[in-house]
Amino acid sequence: MPTREEVMKNLETVLVPGVMRSLVKMNLVRNISVAEAKIDITLASAALAEGTQEWLKDKIKDATGKLDGVNEVNVSFVDSKPKDLNEISNVVAVMSGKGGVGKSLVSSLVAIALKRQGYEVGILDADITGPSIPKMFGITARPAGSDSGILPVTSKSGIEVMSINLLLPSEDDAVIWRGPLIGKAITQFWEEVLWGKLDLLIVDLPPGTADAPLTVMQSLPISGIIIVFTPQDLTTMVVRKAVKMALKMGKSILGVIENMSYLYVPEIDKKIELFGKSRGEEMAQAAGAPFLGQLPLDPELARLCDEGSIERYDADLVAQLGESISQLAKPLSERG
């Protein structure tokens, strides 16, 4: 007879349609019983349509029925909600005091860097009125789900993504909502999306310190915040506003990242600081947190974002960012 661990290992080969992660990684396996040549498997039904449940039953029977000593496999489902199944070790918010500094770009690169480090990662696009994450990842598929929840859409490299743009009839439709409705949407993305088991969930916040960032900090168990800025003089005041909000909400600043730091011109081997000298160390001191690195103005990165292929960006700075963030992630996991 197979052991429970052997059955679980076989279940890791069964992928959930629509999200393409295993039953185990989506944390849908509720119970496994092995006795007298029979295996009874109980799964959570959260976000799974009836057709998906039947499809999974067949796949599970194929995957586990071949184990030695097994004559019968029974699969049943129990009612459940995503918020009761999600196991997210750390929630990291990416914040800026003003718009246009590349916060969504940084959120995406942080997620990509962490995925390359071997972490299981998701992105919650909380910028409801200005969502851009799906466009950069080239994601156009609509999320699957049922009355009990929604499944995120998985990127080419395996990053889970949920954004309002994935739910709109057209990606260029405007979301013209007042604050309370935006806050409710963000809360639903946290509670009603089946994220499963993740090491880190990156939350791409809208700019500023108003309703939406407040909703995230009050409703989600934020482990820490990464602040994004650019080198302009105005940045100092704006960053301090974001820092003060985070600290007032009792959230720690994990580090700061400077975007649009320079433009590298290979023909003359020179970095041109279009927006002034780097203020990285100054901003890190203002935030009381580490300076995690500089991101340049890179035409290649801009092209890949426009093409929906940001995951193909392979500059050294992504690896450096991954090293910086993974060092933060280790103590965060111990804390979580």
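Coordinate-derived values only; no laboratory data. Everything numeric in this text was worked out from a predicted model, so none of it was measured. With ideal geometry, Cβ positions are generated from the backbone for all residues, glycine too; neighbour counts draw on all protein chains shown.
Quick rundown of the values:
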item	result
Separation between Cα centres of segment 131-202 and segment 259-316, rounded to whole Å	27 Å
Stretch gain in nm, segment A319-K38, where the contour uses 0.36 nm per residue and the Cα spacing is subtracted	96.4 nm
0 to 90° range, to nearest 10: angle between helix 179-191 axis and the chain longest Cα axis	50 degrees
Relative contact order (percent, whole number), the chain, Cα cutoff 8 Å, 6+ residue spacing	19 percent
Residue-wise HN-Hα coupling along segment 193-198, computed from phi with Karplus coefficients 6.51, -1.76, 1.60 (Hz; x: Gly, Pro)	9, 7, 7, x, 9, 10
Around D58: net Lys/Arg minus Asp/Glu count, Cβ-Cβ under 15 Å	0
Length added when fully stretched, W177-M249, from 0.36 nm per residue minus Cα-Cα	23.4 nm
Hydrodynamic radius of the chain per Kirkwood, over alpha carbon pairs, in Å	21.2 Å
For E273, distant residues with modelled amide H under 5 Å away	L263
In order through segment 140-146: 3J(HN,Hα) via Karplus (6.51 cos²θ - 1.76 cosθ + 1.60), integer Hz, x for Gly, Pro	10, 5, 7, x, 7, x, 8
Two-site label geometry, E6 and N31: point separation in nm, points 7 Å out along Cα→Cβ	2.3 nm
Virtual spin-label span in nm between A302 and Q53, 7 Å along Cα→Cβ	5.1 nm
D62-D269 pseudo-label distance in nm [points 7 Å out on the Cα-to-Cβ vector]	5.7 nm
Per-pair calculated FRET efficiency, R0 = 22 Å: D79 and L15 via Cβ, rounded to 0.05	0.45
Global form of segment 197-265, assessed from the alpha-carbon gyration tensor, a/c cut-off 1.5	oblate
Antiparallel %, DSSP beta bridges [both residues in the chain], to 5	25 percent
Cα convex hull of segment 4-80, projected area averaged across orientations, nm²	4.5 nm²
Highest-MSF residue in the chain out of V24, V110, V175 [GNM, Cα springs under 10 Å]	V175
